[in-house]
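Report on one structure; see the data block that follows.
The values are calculated or read from the model by the stated rules, or taken from the named source; none is laboratory data. Fair warning: this is a prediction, and the values are worked out from it, not measured in the lab. FYI the Cβ positions are ideal-geometry reconstructions off the backbone, even for glycines, and counts take in every protein chain you see.
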Amino acid sequence: MKLERAATALPRHGWQLLPLRFHRIDADSVVLTNLVGEHVFVTPDELRTVADGTCADQELLARLRAAHLVQVPGETLPAELLAIKLRTRMRRLPDSTGLHIFVVTLRCEHTCRYCQVSRQSAAKSEFDMTEETARRALELAFRSPSPQLKVEFQGGEPLLNFPLVRWITAEANRMNQEHGKDLTFVIATNLALLDEEILGFCAEEQIHISTSLDGPQDLHNGNRRRPGRDSWQQAVAGIRRVQERLGEDRVSALMTTTEASLGRAAEIIDTYAGLGLRGVFLRPVSPYGFALRGRGGANYDVGRWLEFYRAGLDRIVELNRQGVPMVEMYAAIIAKKMLTNADPGYVDLTSPAGIGIGALVYNYDGDIYASDEGRMLAEMGDRTFRLGTVRDSYADIMLSDGLLNPLTESITLSAPMCATCAFEPYCGADPVFHHATMGDFTGHKALSAFCRRNMGVFTLLLRKIRDDPYFRDLLWRWAQ
Amino acid sequence: MSPAGGVPGAGAEATGAGAIGAAEITLAFDQATVDLDALQRSAYVVAAEMTVDIRVCGADYVCTLFPRRQDTRDEDLKHRFRAEVNDQILRARIAKETEPLRNLVFALAFSQTGLADAEGSA
Amino acid sequence: MLKLMGRADATGLAGPAADDVWRVCLPEDADNDLSGADEEAPATSVACLLRDEQDAPPGYGLYLMAGHEAGMRPGMPGVAGSRGPGVSGMPGPVLRLGPELAHLDAGDIIHVSGDGRRVTVLWKNSARHNALLLTEQCDNYCLMCSQPPKDRDDAWLFDRARKVISLLPPGARALSLTGGEPTLHADALLGLLEHCKRVAPGLSLHLLSNGRRFADPQFTRRYAAVGLTDIMAGIPVYAPEPGLHDFIVQAVGAFNETVHGILNLASLGQAVEIRVVVQRHTVPVLPGLAAFIVRNLPFVAQVALMGLEMTGLARPNSPLVWADPADYQGELAEAVDILATAGIATRIYNHQLCVLDRRLWPYAVRSISDWKNDYLDICRTCSVRDACGGIFTTSGNRLSQHLRPVP
């Protein structure tokens, strides 16, 4: 044998660091991440010896080389591979605006406690989108470079303006004959108004249904009031109807987390499981929580929410062990960012932020907003994220200061604390939240509920990856 | 690399000017081993737990720590701040050492995207 | 197991029959195989296989007689391979084949040695896998190498390969090109590939290489420019970082060149297979290597996890490289799971089913070549014998302790 094992070992000071960031997740555990978010667990002492060149643990050094955290001076392959991975992660950046939200009406027969937007059955003309507005909005939507377009109908309750939903679908399909995009449709509805006509339409046009299911009956109905006090029953019946008629994969549900949800995570999961809903999204905050500046914003009890999240995740893992293949969607999105080079395309956790370039909101009155939360802010008097109207040109909208300023100011790669954060590749920018709670697009991350919440989730997931092989395998599956 | 103020009771605590009632919580750092940037970054990071006043005193930076909550122990606060300063110093050193490679990776990554070409850059 | 080398009896055989490559044909196919050839102008490179005193149609360059003991039969004057027609009533030179070559059949391609006494089967038409050795030179020196490098001029191997490819029967589907390291002879290799494209465009090619030469972008461009549409480079990667890989292949710098080569091939749209020999050193890093491949080389056409063949350098290095398959099923299953979940085609070669975790059976390929596989006596009662590739005859006594028939 001409080459001994020792010949390829790394001597003291025999390696150089590649760009790396670290975070101390426990007293005796540090996670190192490379430029694209690949991670290695080390002890505090190992961090010290790797950084100062005295580490003698060849097995650790080998793992760090494989993860592109250290290299031998003069090597070029690690930088090349990192560049390829980085480019892959950013591959979808030029494909701006995949999600187009059409607020076809503000009218709604529910009065959900957390909703700031809907209007009670007023005259249709006042709060419904017109065909002309919809047409102009579609024209703008098709200006997007993205090869995929998702048209999502929201409200109020979009089914209250079903004729327009029908019209927009037909018109979009017609316009798409020229563009050839991968066009999909979603209706975000409370399902109370589902009837055979609507079901048939959804079947024919392959519409996906997204509905609200906050959890067990008392929890759901406590949050979401409607005449008859049967929101949950309607939702459940609607879900079952859609599953039967259109297939299980055509309906998904989202929960809204409120004070009342905390402490009941397992029950909420079980409700979903009982309905054959495979994906649960343990959503970060109630959509309007951040808007309660000083009340629910920065002071939103992140610690209690994290406990809720942990309990929900545990319950889902337990169900998986029992053979029920449920997925926690937030963890799955983060897993994709942690464990692969793919982009999950989730507009609320991405940098640059998803405002405008990930999603655009066309309000019933023709105003265009950079995000749904931006629209809700406007309802409360703050029109910072109103980009213009459907009468403006595509360039006016997308190149406006109203869009570019929050985008550039909130980019994590240059934000204080984010720039040096080990979890930056997993995280995102949220200029709307930080503007609403702190008054600037970047936000002071040490005081930010957004940051604290996400850091909590990242460390929770990493600890489980480190300590629980079953969970590690499960997360690997969720990441694909 | 540790700040000179790292050892408790090493006489590194300066009495803050204008002390009011109870003694202030202060740490002194030798300017020769700790730079201002590290201190400022650390103050930013711990903002949820304390606010920090930094001033020059001779060859030292003197940091006065003001806890946000009443029930924090002085020693815990000091440990927290010192540990953060050490980490910031380490981060700065790593960033400086790896800056050329970081620039190289970004240059390689962006040299082939259509975006860079479209901008008309080299 | 088929024997690929055999004795022949060809007293006085010389000239075109000797030291040459022949395709074996049967008399009944004379119309197809001989276009216009006759005794005056016999077809070169086409040999007629006669069994049990069949009549010999004229026009072949060589006649093979099977079903006899090698050696002179008493009473038959001038029985073997003299030149020219008319001798013993044979229309051309004759070779009598030893019994180990009784398996020869139409479409097989053989090489006849200079003295006519040795016949090597280069292409076995009925075999699942065929490989052509292009060189024994190599710039790696893997601890477990089954084809130890020899540093001598063997350019004639390329010439021989060229002839074989020219003679391939119409139904030929797939061919492996092996070594040594074929890319060490860039011009000869590229020439051979161009030859394949011209005369056998439908052939599915598998080029076994350590990949290092492909780090040269110019070489890779030339390789891609040949324009073969069905060629895959099978390239071993033994670890996710240079320290262990370079040690296993006994060459500093090999990992970086190999992976650079893989990237260059991918950037030109060339198919790459990553091959991993499972041995004592690679077992602990198997899951880490799988994760590395998914994260860094996700474009590969497939990953092949190979069982160890205890021949060549693997024998003297046995204490270094031997690992009983029964002991590494955990790591193997974890690696397969990582790859398969990520959607990368994964195959397990050269593992007996009885020592392979059942969950991994769907990934197992019956892969040991027909000419070097065999079964133990205990395999007679095994219920999955036919699906199993058996053992390497070359592995001799170094086999798993845990082989047993599957009930």
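Could you list, in sequence order, all residues of the range C:342-366 that are free of Cβ contacts under 8 Å to residues at least 40 places away in the same chain and within 20 Å of C:Q401 (Cβ to Cβ)?
C:L356, C:D357, C:R358, C:L360, C:A364
Quick grid of which residues meet (1) of a type outside the set (S, T, N, Q); (2) in contact with a helix residue (DSSP H, G or I) (Cβ under 9 Å, 6 or more places away or on another chain); (3) crowded, with 20+ Cβ neighbours inside 10 Å; (4) on the phi < 0 side of the Ramachandran plot:
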{"position": "A:P406", "(1), (2), (3), (4)": "yes, yes, yes, yes"}
{"position": "A:T412", "(1), (2), (3), (4)": "no, yes, yes, yes"}
{"position": "A:L447", "(1), (2), (3), (4)": "yes, yes, no, yes"}
{"position": "A:R452", "(1), (2), (3), (4)": "yes, yes, no, yes"}
{"position": "A:L460", "(1), (2), (3), (4)": "yes, yes, no, yes"}
{"position": "A:Q480", "(1), (2), (3), (4)": "no, yes, no, yes"}
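Restricting to the range C:373-407, what's the tally of residues that are outside any strand (DSSP E or B) and aromatic (F, W, Y)?
1
With the checklist (1) modelled with pLDDT of 95 or more; (2) within 30 Å of A:H13 (Cα to Cα); (3) surrounded by 14 or more Cβ atoms within 10 Å (Cβ to Cβ); (4) touching a helix residue (DSSP H, G or I) at 6+ places or on another chain (Cβ under 9 Å) in hand, flag the one item B:T98 doesn't pass.
(4)
Would a scan of the range A:447-456 turn up a residue that is within 14 Å of chain B (Cβ to nearest Cβ) and under 30 Å from C:P298 (Cβ atoms)?
Keep residues of the range A:447-456 that are within 14 Å of chain B (Cβ to nearest Cβ), which gives A:447-453, A:455-456.
Checking which are under 30 Å from C:P298 (Cβ atoms) leaves us with A:455.
The answer is yes, given that some residue of the range A:447-456 is within 14 Å of chain B (Cβ to nearest Cβ) and under 30 Å from C:P298 (Cβ atoms).
Within the range A:57-88, how many residues turn out to be buried (at least 23 other Cβ atoms within 10 Å of the Cβ), in a loop (DSSP other than H, G, I, E, B) and within 11 Å of chain B (Cβ to nearest Cβ)?
Of the residues in that region, 2 qualify.
Condition check ((1) of a type in the set (V, I, T); (2) at pLDDT below 95; (3) closer than 24 Å to A:F162 by Cβ; (4) not in a helix (DSSP H, G or I)) across all residues:
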site	(1), (2), (3), (4)
A:G222	no, yes, no, no
A:R245	no, yes, yes, no
A:I269	yes, no, no, no
A:Y300	no, yes, no, yes
A:G303	no, yes, no, no
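Results for (1) surrounded by fewer than 21 Cβ atoms within 10 Å (Cβ to Cβ); (2) modelled with pLDDT of 90 or more; (3) not assigned by TED's automatic domain parsing to the domain that holds C:L26, shown as yes or no for each residue.
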residue: C:M72; (1), (2), (3): yes, no, no
residue: C:M76; (1), (2), (3): yes, no, no
residue: C:G81; (1), (2), (3): no, no, no
residue: C:P93; (1), (2), (3): no, no, no
residue: C:A102; (1), (2), (3): yes, no, no
residue: C:R117; (1), (2), (3): yes, no, no
residue: C:S176; (1), (2), (3): yes, yes, yes
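Do the conditions hold for A:R136, that is, is it at pLDDT 75 or above and either closer than 16 Å to A:D367 by Cβ or touching a helix residue (DSSP H, G or I) at 6+ places or on another chain (Cβ under 6 Å) (or both)?
Working: at pLDDT 75 or above: yes; either closer than 16 Å to A:D367 by Cβ or touching a helix residue (DSSP H, G or I) at 6+ places or on another chain (Cβ under 6 Å) (or both): yes.
Spelling it out, A:R136 is indeed at pLDDT 75 or above and either closer than 16 Å to A:D367 by Cβ or touching a helix residue (DSSP H, G or I) at 6+ places or on another chain (Cβ under 6 Å) (or both).
Just one of the numbered conditions (1) at pLDDT below 95; (2) farther than 18 Å from C:P236 by Cβ; (3) in contact with a helix residue (DSSP H, G or I) (Cβ under 8 Å, 6 or more places away or on another chain); (4) surrounded by 16 or more Cβ atoms within 10 Å (Cβ to Cβ) is not true of C:R315; which one?
Result: C:R315 fails condition (3) only.
Report, by residue number, each residue of the range C:204-259 that is more than 13 Å from chain A (Cβ to nearest Cβ), in a helix (DSSP H, G or I) and under 30 Å from A:Q58 (Cα atoms).
C:R213, C:F214
What are the residue pairs meeting all of these: first residue in the range B:85-105, first residue on the phi < 0 side of the Ramachandran plot, second residue of a type in the set (F, W, Y) and crowded, with 16+ Cβ neighbours inside 10 Å, Cβ atoms under 9 Å, and 6 or more apart or on different chains?
B:V85/B:F29; B:D87/A:F22; B:L90/A:F22; B:R91/A:F22; B:I94/A:F22
Within the range A:161-195, can you find the residues that are modelled with pLDDT under 95 and surrounded by fewer than 18 Cβ atoms within 10 Å (Cβ to Cβ)?
A:L193, A:D195
Taking the range B:79-90 on its own, how many of its residues are at the interface with another protein chain (Cβ under 9 Å from one of its Cβ atoms) and either surrounded by fewer than 17 Cβ atoms within 10 Å (Cβ to Cβ) or assigned to a strand (DSSP E or B) (or both)?
Within the range B:79-90, residues that are at the interface with another protein chain (Cβ under 9 Å from one of its Cβ atoms) and either surrounded by fewer than 17 Cβ atoms within 10 Å (Cβ to Cβ) or assigned to a strand (DSSP E or B) (or both) number 1.
For the range C:120-155, name all the residues that are under 17 Å from C:N210 (Cβ atoms) and without any contact (Cβ under 8 Å) to a residue 12 or more places away in the chain.
Once the filter is applied, which keeps residues that are under 17 Å from C:N210 (Cβ atoms) and without any contact (Cβ under 8 Å) to a residue 12 or more places away in the chain, the range C:120-155 yields nothing.
Taking the range B:30-78 as the search range and keeping residues that are more than 12 Å from the chain's Cα centre (by Cα), under 26 Å from A:H23 (Cβ atoms) and among the aliphatic types (A, V, I, L, M), which one is surrounded by the fewest Cβ atoms within 10 Å (Cβ to Cβ)?
Filtering first and then ranking leaves B:A48.
I'd like the full set of residues that are under 16 Å from the mean Cα position of the chain (by Cα) and surrounded by fewer than 23 Cβ atoms within 10 Å (Cβ to Cβ), limited to the range A:340-356.
Across the range A:340-356, the qualifying residues are A:A342, A:D343, A:P344, A:G345, A:Y346, A:V347, A:D348, A:L349, A:S351, A:P352.
How many of the residues making up the range A:410-446 are within 12 Å of another protein chain (Cβ to nearest Cβ) and touching a strand residue (DSSP E or B) at 6+ places or on another chain (Cβ under 7 Å)?
3
Quick one: count up the residues across the range A:303-322 that are crowded, with 16+ Cβ neighbours inside 10 Å and either in contact with a strand residue (DSSP E or B) (Cβ under 8 Å, 6 or more places away or on another chain) or basic (K, R) (or both).
Summing the residues that are crowded, with 16+ Cβ neighbours inside 10 Å and either in contact with a strand residue (DSSP E or B) (Cβ under 8 Å, 6 or more places away or on another chain) or basic (K, R) (or both) in the range A:303-322 gives 5.
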